[in-house]
Structure formats: structure tokens, C-alpha cells
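Here the structure is laid out as C-alpha cells; the discussion comes afterwards.
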Amino acid sequence: MTTNLIDIQNADVIMITSNMAENHPVGFQWVVRAKERGAKVIHVDPRFTRTSALADIHVPLRSGTNIAFFGGLMAYAMNNDKIHTEYVAHYTNASMLIDDGFGFDDGMFTGYDGDAKRYDRTTWRYQTNPDGSPKRDTTLRHPRTVYQLMKRHYSRYTPEMVERVCGIPKAKFLQVAELFCSTGGPKKTKTGTVVYALNLTQHTNGVQNIRALAMLQLLLGNIGLPGGGVVALRGHANVQGATDLAVLYQDLPGYMAMPLRDVHPDLATYLEKETPKGGYWINKPAFFISLLKAWYGDAATKANDFGYDFIPKREKADAYSQQHIFVDMYEGKIKGFFAIGQNPAVGNPNATLARAALAKLDWLVVKDIFHTETAEFWRAPGVDPKSINTEVFFFPAAPAAEKNGTLTNTMRLIQWHNMAVEPPGDVRSDLHFWYHLGKRIKALYASSTARRDQGIKALVWDYPEEGKHAEPSAAHVLREMNGYVWAPDWKDRVQLKSFGECKADGTTAAGCWIYTGVFPDEKTNRAASRQIDKSGKDYLQHGWGFAWPANRRIMYNRASADLDGKPWIESKALIQWDPDADNGPGAPKGKWVGRDVPDYGPTLAPRAPKNAAGPLKGVGGNDPFIMRPDGVAGLFAPLVDGPLPEHYEPVEAPTRNLLSKQQINPVAKIWQVADGRNEIAEVGSSKYPYVLTTYRLTEHHLSGVMSRQLPWLAEMFKSHFAEISEELAKEKGIRNGDLVEVSTPRGSIKLRAMVTKRLRPFTIDGKTVHQIGIPWHWGYVGIAKGDVTNDLVASVGDPNVYIQESKALLCNVEKAAQQGVA
Amino acid sequence: MAATMTQKVMYTDTTICTGCRACMVACKQWNQLPYEEPEWTGGYGNRSHFSDKAWRFVRFIEVDDPRPSHKGEVQWLMMSDVCKHCQQAGCLEACPTGAIHRTAWGTVDIDQGICNGCRDCVASCPFGVIAFNADTGRVNKCTFCSDRVPAGMPTACAKTCPTSSIRFGDKEPMLEMARARVKELKAQGFERANLYGDSDILGGLNAFYVLADSPSVYGLPERPELPQRNVNLDSALAIASSVVIGLAALVSFRDQGAGRQG
């Protein structure tokens, strides 16, 4: 997220698109605080939920039509003088001119290759001056500016079109547009924030959904200001940490690409292709080589490319996601699998496929705090254990209270926790498991001379062991992420204080460069800091934990000030330029000061020309987005599925696409799975006529492993249920509490009907469309049991990141035989 | 009773309750109350009444939005219900053993060592709060965390509440806050917003509520009365009728005597 949960209190308008009160109930206190200060809350959701109950306006939107809605808001802002003109012209690429070859026609961008189902993105680029810099028209009038292209693109997204596609009545849309866009305008006086979570990500255009709302925020000038920003809510306590540390197939720690075998054959090529020519990422070689040093120590030398060859390489980009892995597993390509703190038998899309795939493994290791459905897949209902040949090992895991370590939460805040009690019996931390497994593997390969094994031998694996179970020191793991001046021995390793100290010459080691500063000397663990400022001076609470990068709480905060470095809005000052600040003898005066750590060159003056060299090469005094090569935010950004978000229907939709002839994202991933295990319903299917969305509840957590086994939580929601409107219930003869069967082409589940006024049918292009909703927490192990919702979901994915489309699909619902209704 | 000790209250602003039910879990955890088979309420609630294992529960109520500006729209009211700790407490008055008593901070608690399980209190509570525990043979209910408050800690539910919908504190400032909140809500269009538990309700409730709609919408009695409040009138009527009968008898006997004389 660009901002900070605490800062939500400063917003004048909050547009929540997720079910925040339900899924982030603690963070939601800041929405309540903002309301107490007079803020207006808009909630956009197909259902009226716990969040809607506290909102001023509920906007019902058919699942899968987010871009039509955000596009409508962008069009409204552009056509009604609601954009923050100066911000847009100078802090975004709205003023850049785009290649004359680029175009858009009836749903398709230029360069589509129908056979390969991919875009050639050659024309999706700036027009350039002879010196290579982008051509720019800060009046935004040139027809090839990004702004004019956007204006044309979104001119089709009229309030009438929003009503037809999303099912939001025009009057309600205009009410919301007027309210939210009141935070923009050339003489901006307010700020607005937008909240999202899995509601936007779990779609075949998930990345573009998020782009669309980020673009809206840029048009209104809301990024970088107090009470502004994009609030990205994570689905799990440590998802941010997992992403930072690259528990993902496409990244290495600190958001550097996992090398591709053919694209990045050696270190020089990798650094050449992955290092931009401007912006702070020009320092990538220092971060990357420091990562290699952290992993391979003395074995990483200039002569051997710092151990670059030790890292496994990706064969291709379209592979290795969670969905790819399970399709490969089902096809017998994967022999063994570790499920550590995850429960794919319930949590994966197309969960019947996931369970069938597990049965193809030779071995499966499950490590969790309770027995999970994944650990027990071999005796799931309807499965004959004799037919399963997979050997399953279960390791009991220590929860947070039984181990030291950190969690990195949704606002990039790294928080340390101490072990409260020793784990009982054979229970061990995950860190213990991986560390000792690593030690054993290193011992097994100690005498290998094979080239492929040299990385295992070279790996630095020297965390001090503590206590009777030889628990590796989590503090030393964090020290390694922070980084130090490389030395073979811990006692000689001097901690780095900031990532600016990382070097590309092999003298520094840093396991995750963005975390540098969290452990600035061997005695200071800033993740464990718990200083609270009650005076209100430091409302962002810089003394509590450590937020990467550099303990900055609101990113892009240079954008909170105008071209002269003064706050756009006096009451919303964050950082500003103090021209008289003394920088010591001989140095020019002036620096950025304020309530947050500047996300900028500390002494880079407003209106300064672009730096020709140095760590901020290519960044000038008015370029707040320093991680971008050109220092400005990318309204136009060439993702694999387009440089501007465009509405496409979900892979399964009740209607044709009303905005173009292109029905779905043309590059969406649809897996071909053997044995009819990924059948897709046709557009407007009469067999599966209803829209289905899936979601979570406050009382249960994810696949239910941590909640359905706990009596106090299990009793809160024991029965699995589907939320169904009174209108649909009447049509289908279903009463509240009846057992119903919900089916999709992938499978069917039985559960109870919760008939409610909180769901209402949509009118889409003049026709009634019913939508139902089902939470996905249930499985066949635990106190609260029920059918697996994800059995219904298809194996389809966003083409950028391959996330599943579990927020919008088609289903049927019928009253079932009323047996065993508790 | 140390009458000088400050009255402690729980002020629940239902209009910022998200129905997360963390208060229910916190209550169960602090008081170590066991699992209980839930009921199907047809909505997000898992119960519709108190029990010896559930001293607090959230009511979920789907209604038409009470604001005229939101005519025709649905609204979802949530209320975390608990013992009201009444100043005129029916349970306390009915208790023959003195097990139910008023604490130094103004709340109502049950001494489990004294309760004899007679259950007179159960029928005397206008809110259906008190429940009989078949295992212990005694009754129980929310203690107002009488094992936390004297140690300076807030009640477990208030401590847990993420939105501060349940607040713990001194009576007068909390009441002031609640009265101001009602004014705010009325200004926002909640015309029937009200403070439930000022001195007009059973002499004042030490667990009081700000409601967005009429009390009856939340299943609360609009004007709760104690069953024993009828005792005086009933007794007076009984005495009056016996007097009437006695006089009638006297008159009648006198008439008979007179007749004989006549």
C-alpha cells in the first residue's frame, strides 16, 4: 500500500471496494475515526455487508465489472474539471506523447497476435526527443498525450454504460462520482483514499483493476498526501512479508526478477536488462550483488559472477505459479511437495483438481498448527485411502506465540514478536524446520562435485543455534535481511544503516535490501521498537516497529507538495521544502522536512533539473515517483494485457461484453486440464445462470485451519452457507435454512441457504441477473465442517500474475433433499 | 458498599459496531466458557438468547434503512447484547440468599459461593440475561469482569472491541458522550436514534446503548419493568379485596342478626 492505516483518519472521503470491516476489522477503526471527523464512506460491493452497514453510501456492483466502474469515475473526473491539473501534468506521465503506431480498436490494443494469444508491445511507448527523453506537453492538449488518449479511451465509460454493465443505477453512480471526485479538482482542498483487497485481485484482469483505481487516485492528485493513497489490504498477517521475501515464483527478495534461463544467461545480461536507465532502481546492481553475497558469502566472487549461476533459472514466465504447480502436479510432473502453512485442498481454486493432484505425488510434507484437509486428503469424503499411494508426513508447527520472529503487515510495517512459551513436544518453528533441513541437505551434498550442487555447498547457513532444540536465531535472520559489511564471521559483520550503503563490488551483503535499517546495529532491532507518541506530533508513529523502505510511512510523499515544495493543501502538509535549512558548512541550503521520512533526495530542491548522475540519476526536483525511470507515475503502463485498463467480462459471465466485441481479457490464462477438470460455462449460460462470488468472514481465517478447529470460533459460524437474495429464493422455492446444491462445471457443493435482503438482483442491460455469495472457509476436518467452496472455482488466471478468478464466476443453485440439516 | 467509588459503565455505540463478535470470543476466553452448539438464526448470528455459556452475543438485524435519505434501502443493525447491570435490578431484588449483589463500582454480580440455584432471579430479569448452569447448579451471567475492574483493567469485551463500539469508563463522562452521539445521529438522519439506559430505564443501566432505531427493533423492551414492581399494587388490591369481603361478611352477618331480631 502507498499509505498507512493510521492515516486513513485524515481522509475526507473513503471509497472501500473490499469488505474491510469483515476482513480487516482492526484496521477499520481508522475508518470509524475518519467518520467521527466527518468523512464520508462509500462502499462498493455486490452485497450489503458489515462494511456497508457503517458506510454512508452502498454501491451495489455486479462482480467482475470493476474497471467499468473505475473507468466511469475517471471519465467523470476528466469531463467535469475534477482532475488535479498541475499534479497530473507534472507528477504523472499524462503529459507524455505516445508512439503514433499505438491505437485501440473495439476492445483490442495494437499488436495482438491471435495465434500466440499475446501482445507485441512495441508501439506502447513514448515518442522521444533526440536525446532519448520522452516528448512532453504539460498543457495536456496534444492529441497523442497520455491524457488525451485516456480521455478518448474512457469517453465510452458513460454513466449510462456503467449502469448497463455494472448494474449501478445512474443516479447512484453520479452521486458517488460527485462525492469521490470532490477530492480532486485544480484547486484541490480535500483528500480521498481507496481501499481494496482480494475483491480486485482475484480476477482475470486483477492487475488492471488495481491500475484503474491507482489511476483514478493520480487524476485526483490523491497519491502521497495525508488521507489519500491506495490502501491495499493483504489477505493474511504476513502476506506482505512473504511478497517482500519472494515466496513467489517471479521475484527474488526485494522485488528483483527471478532470472529467466534464456533471457538472463549471465550476471551482466541480467543487470543490463533489469536495471533501468533512470530512477532509484539504477542502484539495482548494488542490491542484487549484495543479495548474492548474503547467500553465498566468500563463494560469491567477481570471477564467478558472485554466484549468479548458483541460482535456479526460470524456463519461462508462464510457469510456476500456484495454479501452474497444481496442473503440473496433476500431470505427474511433480513428485514431492511441501505444504507449509498452506492448505491447497481447500484454498486452491478448482480444489477438486488440487486434491486429485496431491494423490499423484510420491510424498507430501505438511507442516501446520492443526491437521489440515491437505494433510488428510487421502481420507477425504468419497476417497478410498487404499487407492492413494502418496506418503504423507505431518510436522506440527509452532504458532507465533511459540517462536521469535517478525510479521510484515499490510502497511509494510515489520513487527517483531517474542516467544511467549516454548512449543510443546515435537512442535517446532518453521524456521527450525527449514534451517535444519538445509543443514542436512548441505551435509548430504558436501562431497558432490556436480556443477548443479555447488550452490547448495556454497550457501551461507550459519545462524547461531539457541536452546535445547537448537532453534536458529530469528534475530540473525533479520540481521541478514538488513544486511552488513560482508565478513565470514558474525562477530565481524557490521550492520548496514541504510540501503544506500549497499555496494555492487561484493563488499556488502543484504538479504532483502528494502529491509535495510530495521537492524542498523547489532544491538538495535527496530522491528521490536514500541515507542508510542501520544502528543499527536508523530501521528504516523515512527517509533512503533519499522516500515520499509527507510521507516517511511507514506510513500511518494514528495507528491504532497507542489512544484515549489509547498503543501498542496495547508491542512494536509506532510513534507515540504525548507529553503533555509542548514546542511552544514559549504553545502547549499535547503532540505525536505515534515512529518514523514521524505521519499526523495533529502536535499533535491524543487524545480531542480534532472540529475545527470548519482543514486537518483534521471530524477529532477519535481519527480516524486523516484522508483520510475522517468520519476513520474505511470498512467500509461505497458502490462502484458494492455497499457490502459479496459473492461472485459470475467471468463464466466452472464452477459456479452457491452463495451466491445472482445468478451474476455484476450490474454487471460485458461488452463487446459485433462479429464474434463476445467470446464468453463458459456456466456449467458442457461445451465449456470447466476453470478457467484466467494469471500471470507471475520470469524474464520482463510481455509479455516486456524479457526474451524477452535471451539470459540467454530461455534460462531458452524454451518457452511450461501447468501441468496429473497427474489432468487422465491423464484427457486428456497426458504432460509434450506439445504441447497450449488454447482458449476467443475463441481457441486451442498450447504445452507441464508436468504437475505442484503443481496438484490442486478439489472444488466435491461435483464435481471441474480448473484449469490459463498464464503470459502469450510472443509472436512475440524469442529465446523462443510463442503469445499473452491471446488466450484475454475483454473483461470490473470495473465500478469496468474491469480485465480474466484470473485466472479457462474453457477446454478437448486433446493436439495433436506437431509442432515443441522 | 463503598458508595464513594466511581460508577463504572460500558457504553456501547451500536452505530459503529461491525458485528465482528470479537467481544463474544473475548468474553468466552477470559471467563473460560466452553463451546456451545450454535443455533441457525437465518443470519450471521449464532444465537438468539443468553445462556450459561454465552454471557454476551451479537444481534444482527436486517431492516429498512431508518434514514429518510436512504428510503427503500436495506440497513443491517448490529448490537452486542449483555447484562445491563440495572440500578433497579430485578435479579438482585429477587435473590433470597444475597448472592446477587451490587459491586462497589455500581454493577451487579453473582457470588457463586452463595447462590443456591433457586432461579428466582431468572424470572425477574426483563432482559432474559440470567441463565442456570446445570453443571454447577447455580446461575450466572456477565460479571462486568469483576476479576479485572478492581485491578484497573477494562472489561475483556471493551478491551477487545476493534472499533471502540464498546467503551469502558466512568459513568458521567460516558453518558455525556452518549448523549452527544445521539444528537449527532439525529442530525445525520437517524430520527429515532436514542440513548437506552439513562436514568429513565430502571434507574439507569451501567451497560447502556446508543441505538440507531427504536429499542424494540433490537428486541429490547421499550419500557422495561420488573415483575416485582407489581407486587405492591397486587398486595394492596389483595388487602383491599379481603377488606371488602370482610366488611361484606360483617354486613351480611349483621343483616342475618338483624333478621333474627326482626
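The values are calculated or read from the model by the stated rules, or taken from the named source; none is laboratory data. Since the structure is predicted, the reported quantities are computational estimates derived from the model, not experimental observations. Don't worry about glycine lacking a Cβ; one is built from the backbone with ideal geometry, like all the others, and counts go over all protein chains shown.
Okay, here's what the table says:
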item: Enumeration of residues in the stretch A:8-31 that are in a helix (DSSP H, G or I), more than 17 Å from residue A:201 (Cβ to Cβ) and facing another protein chain (nearest Cβ under 10 Å); result: A:21, A:29, A:30, A:31
item: Helices (runs of 4 or more DSSP H) (entirely within the stretch A:295-394) containing at least 3 residues that are modelled with pLDDT of 95 or more, aliphatic (A, V, I, L, M) and touching a helix residue (DSSP H, G or I) at 6+ places or on another chain (Cβ under 6 Å); result: A:351-358
item: Only one of B:202, B:195 that is on the phi > 0 side of the Ramachandran plot, touching a residue at least 12 places away in the same chain (Cβ under 8 Å) and more than 14 Å from chain A (Cβ to nearest Cβ); result: B:202
item: Boolean, residue A:562 is among the charged types (D, E, K, R) and under 25 Å from residue A:614 (Cβ atoms); result: yes
item: From A:47, A:62, A:37, residue being more than 10 Å from every other protein chain (Cβ to nearest Cβ) and under 23 Å from residue B:43 (Cβ atoms); result: A:47
item: Residue tally, condition under 27 Å from residue B:190 (Cβ atoms), at the interface with another protein chain (Cβ under 10 Å from one of its Cβ atoms) and either in contact with a His (Cβ under 7 Å, 6 or more places away or on another chain) or surrounded by fewer than 20 Cβ atoms within 10 Å (Cβ to Cβ) (or both), over the stretch B:48-59; result: 0
item: Filtered residues of the stretch A:746-757 (kept if touching a Leu at 6+ places or on another chain (Cβ under 9 Å) and at the interface with another protein chain (Cβ under 9 Å from one of its Cβ atoms)); result: A:752, A:755
item: Unique residue being more than 10 Å from chain A (Cβ to nearest Cβ), in contact (Cβ under 8 Å) with a residue 24 or more places away in the chain and either farther than 25 Å from residue B:154 by Cα or not in a strand (DSSP E or B) (or both) when the list is B:23, B:27; result: B:23
item: Qualifying positions in the stretch B:32-42 - more than 7 Å from every other protein chain (Cβ to nearest Cβ) and either crowded, with 17+ Cβ neighbours inside 10 Å or under 18 Å from the mean Cα position of the chain (by Cα) (or both); result: B:33
item: Residue count, the stretch A:707-719 (criterion: touching a strand residue (DSSP E or B) at 6+ places or on another chain (Cβ under 9 Å) and surrounded by fewer than 22 Cβ atoms within 10 Å (Cβ to Cβ)); result: 1
item: Residue in the stretch B:80-98 that is outside any strand (DSSP E or B), modelled with pLDDT of 95 or more, farther than 22 Å from residue B:196 by Cβ and of a type in the set (Val, Ile, Thr) present; result: yes
item: Residue A:706 being touching a residue at least 60 places away in the same chain (Cβ under 8 Å), closer than 30 Å to residue B:22 by Cα and part of a loop (DSSP other than H, G, I, E, B); result: yes
item: Positions within the stretch B:115-145 being part of a loop (DSSP other than H, G, I, E, B), out of contact with any Cys (no Cβ under 9 Å at 6 or more places or on another chain) and under 24 Å from residue B:155 (Cα atoms), in sequence order; result: B:128
item: Residue among A:187, A:170 that is more than 29 Å from the chain's Cα centre (by Cα), over 26 Å from residue A:107 (Cβ atoms) and not polar (S, T, N, Q); result: A:187
item: Failed condition for residue B:71, given (1) in contact (Cβ under 8 Å) with a residue 40 or more places away in the chain; (2) basic (Lys, Arg); (3) over 27 Å from residue A:717 (Cβ atoms); (4) away from every other protein chain (no Cβ under 12 Å); result: (1)
item: Test result for residue B:58, of a type in the set (A, V, I, L, M), closer than 26 Å to residue B:6 by Cα, within 16 Å of the chain's Cα centre (by Cα) and outside any helix (DSSP H, G or I); result: no
item: Count of the stretch A:758-773 residues which are within 14 Å of another protein chain (Cβ to nearest Cβ) and in contact (Cβ under 8 Å) with a residue 60 or more places away in the chain; result: 4
item: Members of the stretch A:722-745 found to be facing chain B (nearest Cβ under 9 Å) and either in a strand (DSSP E or B) or free of Cβ contacts under 8 Å to residues at least 24 places away in the same chain (or both), listed by number; result: A:736
